[in-house]
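Asker: Input: one structure, supplied below.
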Amino acid sequence: MKKLDARRGLFSEYKTCKSNSKWEQCIFREFKEERNLRSEFEKDYNRIIHTKAYRRLKHKTQVFFAPKNDHLCTRIEHVNLVSSASYTLSNFLGLNTELTTAIANGHDVGHAPFGHEGEKHLKRLSEIYLDGQTFFHEGNSLRFLDSIETLESKSGMIKNLNLTYAVRDGIVNHCGEVNEHGLYPREEGIDLKEIRKRNQYRPYTWEGCVVKISDRVAFLGRDIEDSIDIGILTLRELKALSSSIKMPVEKINNANILSIIIPDLCLNSSPEEGLKFSNKVLELIDKVYSFSLDKIYNNERLNVYKEFIRDIIYSIFNMLMEFYKGVKTINSLMNSKKIYPKLMTEFIKWLKKYSSIHGKTIRGENHNNKILYKIENKNSYTQAVIDYIAGMSDNFSLMVFNELTTF
């Protein structure tokens, strides 16, 4: 404990605050705003948790799709675990906890329905129908928070969130491997919309680096807990894992794993060597992840589920694409509302909010959000379909899939 106490606040000199040389870049917003009683990053956190994309995370898969099981981890629980771990780390190291909290709570809002399996299919569809354009949830989280999610102002005007650079940067750069090298923030500010793949850049702030590492480790024991509960893992397999990693605890669960990982990171990190783990704990992380990859994520019991998810994603995509009629697309969709009421009603709302036809907007007068799609352009319409599916919860995806398959 004395060794840990001696390292408390070790990164305080590099905290994202007014004395930091990166401060002006970190608080940059696309549109200037008046100050109020909240700090810059507190304001961003408030905006993120009030979005519909954030609310839908409670009905999005983390690993296992089970809408009727209250105790399996969903995407919102994962977000909370990352937020908790990153708060503990940033608080101990002397960094800006408001910044890590905002990044952590927004990092997965762009995740597809049905977790990484849904993401895989949207990536494939993007590559085929959008001229090789890729889809990755980190970039989609930035897209949603920059251009899709809106809030209503006091005057009733619908506007985009207008988040700070540091929060947006931490969100789009939150994914990546943990290895023997220390993790440092990059020095240069870049155009975040030019990022084309995961792990292309390191985060711009130490706080972003903290969230990146927290996202990598916060789920390790949680997925194991769920796998035991639903019978994918046997006690014998768990015992074998316990013997191989030699954890100084009797039971493998998320809390116990994090109780080893987080103090180790605090003990071994420094501004000079970056955020890093000891070799022993890094080996533990690698063994647990390799075990989970083999016994959980690639378990053959998930094969039927994976095929089902593919059918859902492709069926919704193909159906919406069938109704494309250029500038008459809205009418084409309207004519099918009686057959597919939920799908068409909500998708028409989506198009009206974000689209134009030959340069003329079709949204309400109280909307000041960004226009993203040109309905007369089929590629643009395709992007609208992919964005719409990406925003769906598991439950809504199932609901509209049932509309497509029920007569």
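Values quoted throughout were computed directly from the atomic coordinates according to the rules given, and no laboratory measurement underlies them. Everything numeric in this text was worked out from a predicted model, so none of it was measured. Glycine also receives a Cβ, built like all others from the backbone with ideal geometry; neighbour counts cover every protein chain displayed.
Asker: Extension gain residue 352-residue 196, at 0.36 nm per residue separation less the Cα-Cα distance, in nm?
Answerer: 53.4 nm
Asker: Using the basic label-point model (7 angstrom from Cα toward the beta carbon), what is the residue 328 to residue 395 distance in nanometres?
Answerer: 3.8 nm
Asker: May I pose another question? Which of the listed residues, 73, 254, 233, is farthest toward the dipole's positive end in the chain, when Lys, Arg count +1 and Asp, Glu count -1 at the beta-carbon?
Answerer: 73
Asker: What does the charge count around residue 155 come to, taking other residues whose C-beta lies under 15 Å from its C-beta (Lys +1, Arg +1, Asp -1, Glu -1)?
Answerer: -2
Asker: Oh, and also: Considering the Cα trace of region 37-186, what is its radius of gyration and what is Dmax, both in angstroms?
Answerer: Rg then Dmax for region 37-186, in Å: 16.2, 52.
Asker: Also: With all pairs of different alpha carbon atoms counted, what Kirkwood hydrodynamic radius in Å does region 302-405 show?
Answerer: Kirkwood radius, region 302-405: 14.3 Å.
Asker: In addition: Which trypsin sites (Lys or Arg not before Pro) from region 68-134 combine a DSSP loop assignment with at most 16 other Cβ atoms within 10 Å? Kindly include the intermediate steps, with their values, before the conclusion.
Answerer: Details: sites: 68, 75, 120, 123, 124; in loops: 68.
Here the sparse-neighbourhood loop sites are 68.
Asker: Still on this model: Given a Förster distance of 25 Å, report the FRET efficiency between residue 52 and residue 378 from their Cβ-Cβ distance, rounded to the nearest 0.05.
Answerer: E(calc), rounded to 0.05, equals 0.40.
Asker: Can you list the GluC sites (Glu not before Pro) in region 1-63 that are in a DSSP coil and have 14 or fewer other beta carbons within 10 angstrom? Present the calculation step by step, with values, prior to reporting the outcome.
Answerer: On the way: sites: 13, 24, 30, 33, 34, 40, 42; in loops: 30, 33, 34.
Within region 1-63, the qualifying GluC sites (Glu not before Pro) (loop, at most 14 other Cβ atoms within 10 Å) are 30, 33, 34.
Asker: Moving to a separate point now. Over 23 Å between Cα atoms, which of 246/276; 123/306; 68/349; 58/197 qualify? Intermediate values should be presented prior to the final figure.
Answerer: On the way: 246/276 20 Å; 123/306 15 Å; 68/349 29 Å; 58/197 26 Å.
Cα-Cα > 23 Å for 68/349; 58/197; rest within.
Asker: Another question about this same structure. Return the ratio Rg/(2.2 N^0.38 Å) for the chain, where Rg is computed over Cα atoms only.
Answerer: Relative to the 2.2 N^0.38 Å estimate, the chain comes out at 1.03.
Asker: Checking the cross-link filter: which aspartates and glutamates have an alpha carbon closer than 16 Å to that of residue 295, excluding same-chain neighbours under 8 positions apart?
Answerer: By straight Cα distance, residue 295 reaches 223, 225, 226, 229, 237, 286.
Asker: Enumerate the calculated ³J(HN,Hα) couplings along region 352-364 in order (Karplus 6.51 cos²θ - 1.76 cosθ + 1.60, θ = phi - 60°), each rounded to whole Hz, writing x wherever the residue is Gly or Pro.
Answerer: 5, 6, 10, 10, 10, 10, 6, x, 9, 6, 10, 8, x
Asker: Further, regarding this structure: Checking the table 328/374; 60/378; 32/159 against a 19 Å threshold on Cα-Cα, which pairs fail? Mind dumping the intermediate values first?
Answerer: Working: 328/374 12 Å; 60/378 29 Å; 32/159 14 Å.
Cα-Cα > 19 Å for 60/378; rest within.
Asker: Place a +1 charge on the Cβ of each Lys and Arg in region 302-405 and a -1 charge on the Cβ of each Asp and Glu, then give the dipole magnitude about the Cα centre in debye, rounded to the nearest 20.
Answerer: 440 debye
Asker: Additional query: Under 12 Å between alpha carbons, and skipping anything fewer than 8 positions from residue 15 in its own chain: which aspartates and glutamates qualify?
Answerer: 98, 207
Asker: Right, another one. Only four residue types carry charge here, +1 at the Cβ of Lys and Arg and -1 at the Cβ of Asp and Glu. Report the dipole size of the chain about the Cα centre in Debye, rounded to the nearest 20. All intermediate terms of the calculation are to be shown ahead of the outcome.
Answerer: Values: 60 positive and 52 negative charges, 206 e Å.
Computed about the Cα centre, the dipole is about 980 debye.
Asker: So, one more: Considering only DSSP states other than H, G, I, E and B, which GluC sites (Glu not before Pro) in region 234-315 qualify as loop sites with at most 16 other Cβ atoms within 10 Å?
Answerer: 250, 272, 273
Asker: Return, ordered by residue number, the residues of region 76-98 whose backbone nitrogen is under 13 Å from a label point located 7 Å along Cα→Cβ of residue 12.
Answerer: 91-96
Asker: Compute the length gained on full extension between residue 162 and residue 368: take 0.36 nm times their separation in residues and subtract their Cα-Cα distance, giving the result in nm to one decimal.
Answerer: 72.9 nm
Asker: Could you check the simple spin-label distance between residue 303 and residue 184, using points 7 Å along Cα→Cβ, in nm with one decimal?
Answerer: Roughly 4.7 nm, to one decimal.
Asker: In the neighborhood of residue 272, defined by Cβ-to-Cβ distances under 15 Å, what is the net charge if each Lys or Arg adds +1 and each Asp or Glu adds -1?
Answerer: 0
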